[in-house]
Every structure is written in C-alpha cells, then in structure tokens.
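Some notes on the structure that comes next.
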Amino acid sequence: MSSITARMVEGVSAIPAADWDACAGTGNPFVGHAFLSALEESGSVDARSGWQPLPVVVDGADGRPAGIAPSYAKSHSQGEYVFDHAWADAWERAGGRYYPKLQIAAPFTPVPGPRLLLRDAAVAPALIAALEAVTDRHQLSSAHATFVAPDQVPLFEAAGWLVRQGTQYHWRNQGYAGFDDFLAELS
C-alpha cells in the first residue's frame, strides 16, 4: 500500500457522493453522504455551530478514496452524547486547552456505526494514522471516535487508542403492537 496518500477536505460535500458512499456502504444511513451533507447544507454542522467538518481521506492507488473518517474540529462537546465536560474542565484547570478537539462521529447521532468508512479494509491503519497526524499537525488536544461499531473497535485498539466503555439500552419490538403492550407484559 505504498501509493496511499491522506488528505483532509473541507466537508463531506467536497467528495463526490458516489466515492463517499463506496466507502460508507449502505448499512448505516448516518454515515452516508446524503445525511452528512444535509447537516452541512442546513448549517447544523459548521464552524459557527462548533462542528467544523474536516473529513480525513486516504486515497488508494487508483486516486479514489479508499477510506474516509467523518471527522470534525469541535469547539465544545455538545451534540456528541458523550459527556466529557469534566475532562475538559480538568484539562483546562491543569493549564491545558481541551478545545478544539477532533471528533470522529455521526453528529447528533448516538447510534453505533462505522467510523472508518472503508472501500479497502487494508487502509484502516493508514486512516487511523492520518487522524493522529491531523491531531498533531493542527495542535488539537485529542481525537475521539464515538459510538464505534463493535467490529471496528479492535482497529482502534491495535493503534493504541484508549477505548471508553459505555452502555446503551435498546428496545426491540418483539411483536408488540406498541410500547404500551410491552409495558403491560412487565411484571
């Protein structure tokens, strides 16, 4: 994979939808080009909202994106559904600057899913290394990937990233007509 290059672009809309979706696949709409570009076009994610879109792209030998990380320079922790305000406060009390940080996520969406969008799975380590390089080069305090699909967690662990353990509760309809029917079954 010696012919790989990494780059940072100014938003999802800077990448053709077909190239983005070739990496994202169809299994999770919250990382698809349509959803993420709609957030940009609506102004929901931009520098003013504290979600500056800065996707990191690793190109393959063919010059097309082989891997993309939907990433954002964050100036606060709102809209992440991971509350790290205590970390930010402690870091700043110790003399550091917590913001901006790099956030790899589907904004405003606490739904697990891929955070490394891979047309070519072999570029995953290069994409993670590119995220680390962006964090260092732009003097961001840290990089955070949130609500990572379970099958991608080992990729981050292999790169030495710390893994935060969290718990989510999901209600699944087991044939109930509605939530009230579910509640009626509880004892």
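Every number in this text was worked out from the coordinates using simple rules, so none of it is lab data. All of these numbers come straight from a predicted model, not from anything done at the bench. Cβ sites come from the backbone with ideal geometry, for glycine too, and all protein chains shown count toward neighbours.
Here is how the numbers come out for the structure above:
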quantity	calculated
Filtered trypsin sites (Lys or Arg not before Pro), region 20-122: DSSP coil and at most 11 other beta carbons within 10 Å	Arg48
Projected label distance in nm at Phe108 and Arg137, using a 7 Å step from Cα toward the beta-carbon	3.0
Footprinting exposure proxy for Tyr169, Tyr72, Tyr176 (fewest neighbouring C-beta atoms within 10 Å first)	Tyr169, Tyr176, Tyr72
Burial ordering of Thr26, Thr146, Thr5, fewest other beta-carbon atoms within 10 Å first	Thr26, Thr5, Thr146
[x] 9, 37, 42, 12, 0; [y] 9, 35, 33, 15, 7, 1, 0; [z] 8, 21, 13, 8, 7, 8, 10, 11, 9, 4, 0, with the label sought being that of the calculated P(r) over Cα pairs in 10 Å bins from 0, in percent	[y]
Check: region 26-149 dipole with +1 on Lys, Arg Cβ and -1 on Asp, Glu Cβ, in debye	120
For region 130-187 and region 79-129, distance of Cα centres in Å	11
